[in-house]
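Asker: Quick one: structure below, then a few questions.
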Amino acid sequence: MDRDKAVEVKSVSKHFGTYQALKSVSFDIGENEFFTMLGPSGCGKTTLLRMLAGFESPDQGSILLHGREVTQIPPHKRRVNTVFQSYALFPHMTLEQNVAYGLENLGWERAKIRARTGEMLERVHMSAMATRKPGQLSGGQRQRVALARALAPEPEILLLDEPLSALDLKLRQAMRDELRNLQRDTGITFVFVTHDQEEALDMSDRIAVLGAGEVQQIGTPAQIYEEPVNRFVADFVGETNFLDVEVLDSREGQATIRTPLGTFGVPATGAAQKGRATLSIRPEKINLGDQAAGGITLAARVVNQNYMGGFTHYTLETGGVTLRASRRNASRQGDLVATGADVTIGFLPGSARVLAS
Amino acid sequence: MSRSHDVKRYPGFGWLTLVFFVWLYLPLMVVVVYSFNANRIAGVWTGFSLDWYASALKNQALMNALKTSVTVALIATAVATSVALMAALAIIRGKNVRFRRLSETVVNLPLLLPEIVLAVASLILFSLVGLQNGLLKLILAHSAFCTPFAFLPIRARLQGMSLDFEEASADLYAGRWTTFRRVTLPLIFPGVFSGAMLAFLISMDDFITSNMLASGGTTTLPVYIFSLIRSGTTPELNAIGTLMILASLILATAALLVARRGTKP
């Protein structure tokens with residue numbers, strides 16, 4: 001029993017018919033952590049969340065919440081609350097009644113329920129609408145009430161199932177900050193499920209990248225982005241260039257690799273063994289023209305460019321390889337590189353990453 | 001809707017609609033109008049009168065038949081709706097239900113069988129078992145054939161209701177009974193109400209089974225009306241018919257209002 005672990009998932013497997021949704025998944029979530037399960041649809045992230053809530057049970061393995069085995073405990077006996085993707089606010093109850101529902105079932109006193117309900121609606125700026133029904137609210141308002149309802153009973157763990165996916169862009173950004181603040185203020189462990197890597201990087205203390213029913217990597221946002229452990233993670237989180245390379249030599253965290261662009265030394269993970277491998281280098285790590293200084297420099301030609309406002313994305317060709325690069329538009333127009341132009345590009349060896357093929 | 005598909009612009013649309021409504025409602029209009037006729041002979045209008053209503057309401061046999069019908073219909077509705085609700089919950093919400101489709105078909109089968117077969121079957125069964133109580137026989141038979149009518153709207157409503165609500169309720173510490181009472185039932189109530197309404201009307205309207213099982217003191221309204229016609233029609237029938245139309249209209253309106261309330265978020 002470990003008090004520092006809010007959640008322990010131990011060798012959990014789950015089949016739906018012949019489809020294996022989870023393949024012996026194990027990981028821990030720390031107390032007061034903002035933990036995100038990130039992955040494409042069908043990766044098993046929602047199944048895992050539903051297991052934490054108690055809506056699904058694993059075929060094999062066990063789940064512990066604060067050291068207590070809950071694998072066979074029904075949802076209403078777990079001190080866990082969920083913010084559903086659809087919000088699932090009860091349409092026949094007022095906002096007040098929605099927020100009070102969990103407290104009534106826990107047997108709180110009437111006066112305490114009133115106070116807590118008022119406090120929670122206040123907290124999400126919905127007090128003025130306490131006696132309205134969910135049908136009269138906008139998406140963002142429903143979202144906030146769903147949060148208030150889930151947080152009112154002071155759960156040990158809050159589960160959030162893609163709660164921002166139905167909101168428009170501006171609102172989503174604001175809600176990210178609000179969620180992050182709520183998590184810090186309440187000190188409750190948040191387990192967040194999303195397929196949106198930007199959301200995951202922005203909010204999380206740690207991220208678990210799931211793919212094909214397995215945990216691909218767990219780490220801080222920077223670790224996930226800068227030090228992906230395999231091709232799946234490098235590809236799913238952010239944009240990247242992949243090059244087929246050969247590892248000639250690998251020792252003490254340094255590898256010598258032969259690439260179509262030449263032979264050079266890069267930092268390597270334990271995964272980099274002699275033989276065929278993949279080199280991942282992110283577009284923003286490739287510098288153009290006057291920004292290319294130090295490290296490895298190459299001559300390239302600009303094949304195409306997409307002006308995005310703050311950035312311009314370039315498609316480059318060098319030594320028979322097509323690379324994507326992005327360049328910050330630090331000043332106006334003057335530093336744009338024309339399509340068809342020859343340009344010097346460069347990157348630091350440390351910003352490339354060798355992955356097992 | 002685009003202009004080219006506006007059905008109101010089709011040639012002859014107005015006339016066709018008029019003919020349709022006349023064909024549908026003319027017989028009913030005749031009954032209503034002649035229920036106010038002072039003359040004893042149907043078809044000869046001599047003046048306005050409420051006598052036939054008075055005579056219908058004073059007719060003790062008629063009132064007894066009405067009382068039997070309503071008693072049977074109320075109890076049969078309660079039984080059929082409860083059974084249908086439980087069946088729908090088990091079939092739609094149950095986990096790992098084997099033979100889900102088969103179960104649904106079995107519940108709905110009485111809709112497809114000729115009623116006369118069911119009526120004869122009930123008669124034979126009750127005499128085999130030795131059941132004597134006429135009212136009980138009627139209630140049992142009506143409960144059975146009303147169940148699929150109650151089941152259909154309840155099932156439809158339950159199927160259309162997202163599981164999220166029930167899961168949210170369980171997530172918020174409600175046990176199964178609390179979830180049913182405070183979330184599931186209120187949300188499917190329009191379906192339950194429609195089902196009960198249908199069951200009630202089907203029971204009130206039933207002739208074949210009721211006639212087959214009728215014995216002294218258990219004559220239902222349709223069976224009594226049929227017996228009146230055999231001994232020659234009287235304008236009293238028109239008055240009874242008009243009252244029944246009025247009752248049906250009230251029930252149908254109530255059902256519509258509840259259904260509309262239910263679809264609003």
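The values are calculated or read from the model by the stated rules, or taken from the named source; none is laboratory data. Bear in mind that the values here come from a model prediction, so they are computed numbers and not experimental data. FYI the Cβ positions are ideal-geometry reconstructions off the backbone, even for glycines, and counts take in every protein chain you see.
Asker: Select from the stretch A:100-136 the residues that are surrounded by 12 or more Cβ atoms within 10 Å (Cβ to Cβ) and hydroxyl-bearing (Ser, Thr, Tyr) and write down the one among them that is farthest from the other protein chains (Cβ to nearest Cβ).
Answerer: A:SER127
Asker: Would you check if there is a residue in the stretch B:68-88 being surrounded by 14 or more Cβ atoms within 10 Å (Cβ to Cβ) and in contact with a strand residue (DSSP E or B) (Cβ under 7 Å, 6 or more places away or on another chain)?
Answerer: Checked the stretch B:68-88: no residue is surrounded by 14 or more Cβ atoms within 10 Å (Cβ to Cβ) and in contact with a strand residue (DSSP E or B) (Cβ under 7 Å, 6 or more places away or on another chain).
Asker: Let me confirm something: among A:THR194, A:THR256, A:THR220, A:THR263, which residue is closer than 30 Å to A:GLN85 by Cα, polar (S, T, N, Q) and surrounded by fewer than 20 Cβ atoms within 10 Å (Cβ to Cβ)?
Answerer: A:THR220
Asker: OK, next. Could you list, ordered by first residue, the pairs with Cβ atoms under 8 Å in which the first is in the stretch B:168-190 and at positive phi and at the interface with chain A (Cβ under 10 Å from one of its Cβ atoms) and the second is assigned to a loop (DSSP other than H, G, I, E, B) and not hydrophobic (A, V, I, L, M, F, W, C), at least 6 apart or interchain?
Answerer: B:TYR173/A:PRO153
Asker: Would you kindly identify the helices (runs of 4 or more DSSP H) lying entirely within the stretch B:168-265 that contain at least 1 residues that are of a type in the set (Asp, Glu)?
Answerer: B:185-205, B:235-263
Asker: Is there any pair with a first residue in the stretch B:132-161 that is under 28 Å from B:THR184 (Cβ atoms) and basic (Lys, Arg) and a second that is modelled with pLDDT of 90 or more and in a helix (DSSP H, G or I) whose Cβ atoms are under 6 Å apart and which are 6 or more apart or on different chains, and what are they?
Answerer: Filtered contacts from the stretch B:132-161: B:ARG155/B:ALA88; B:ARG157/B:ILE188; B:ARG157/B:GLY191.
Asker: Just to be sure before I move on: is A:VAL303 farther than 28 Å from A:LEU201 by Cα, assigned to a strand (DSSP E or B) and under 31 Å from the mean Cα position of the chain (by Cα) in the structure I sent?
Answerer: Judged against the criteria, A:VAL303 is not a match.
Asker: Return a yes/no flag: does the stretch B:227-246 have any residue that is surrounded by fewer than 21 Cβ atoms within 10 Å (Cβ to Cβ), farther than 30 Å from B:ILE124 by Cβ, hydrophobic (A, V, I, L, M, F, W, C) and within 11 Å of chain A (Cβ to nearest Cβ).
Answerer: Checking the stretch B:227-246: not a single residue is surrounded by fewer than 21 Cβ atoms within 10 Å (Cβ to Cβ), farther than 30 Å from B:ILE124 by Cβ, hydrophobic (A, V, I, L, M, F, W, C) and within 11 Å of chain A (Cβ to nearest Cβ).
Asker: Step by step: first the residues of the stretch A:137-165, then only those that are in a loop (DSSP other than H, G, I, E, B) and away from chain B (no Cβ under 11 Å), then the one that is nearest to A:GLY44 (Cα to Cα). Which residue is that?
Answerer: Applying the filter and picking the extreme gives A:GLU162.
Asker: Could you please let me know if B:GLU115 is surrounded by 11 or more Cβ atoms within 10 Å (Cβ to Cβ), within 21 Å of B:ILE188 (Cβ to Cβ) and touching a residue at least 12 places away in the same chain (Cβ under 8 Å)?
Answerer: no
Asker: Might you check whether a residue that is aliphatic (A, V, I, L, M), surrounded by fewer than 22 Cβ atoms within 10 Å (Cβ to Cβ), within 14 Å of another protein chain (Cβ to nearest Cβ) and assigned to a helix (DSSP H, G or I) occurs anywhere in the stretch B:147-159?
Answerer: no
Asker: Then there is this: Tell me yes or no: at least one residue of the stretch A:271-285 is at pLDDT 80 or above, outside any loop (DSSP other than H, G, I, E, B) and of a type in the set (Asp, Glu).
Answerer: yes
Asker: Next up: Consider the stretch A:61-90. How many of its residues are within 9 Å of chain B (Cβ to nearest Cβ) and crowded, with 17+ Cβ neighbours inside 10 Å?
Answerer: 12
Asker: Something else: Restricted to the stretch A:288-321, and to residues that are surrounded by 16 or more Cβ atoms within 10 Å (Cβ to Cβ), more than 15 Å from A:ASP342 (Cα to Cα) and touching a helix residue (DSSP H, G or I) at 6+ places or on another chain (Cβ under 9 Å), which residue is modelled with the highest pLDDT?
Answerer: Of everything passing the filter in the stretch A:288-321, A:HIS313 is modelled with the highest pLDDT.
Asker: Regarding B:LEU136, is this residue over 30 Å from A:GLY135 (Cβ atoms), of a type outside the set (D, E, K, R), away from chain A (no Cβ under 14 Å) and touching a helix residue (DSSP H, G or I) at 6+ places or on another chain (Cβ under 8 Å)?
Answerer: no
Asker: Would you mind finding the one in B:GLN132, B:GLN159 that is of a type in the set (S, T, N, Q) and at pLDDT below 90?
Answerer: Residue meeting the stated conditions: B:GLN132.
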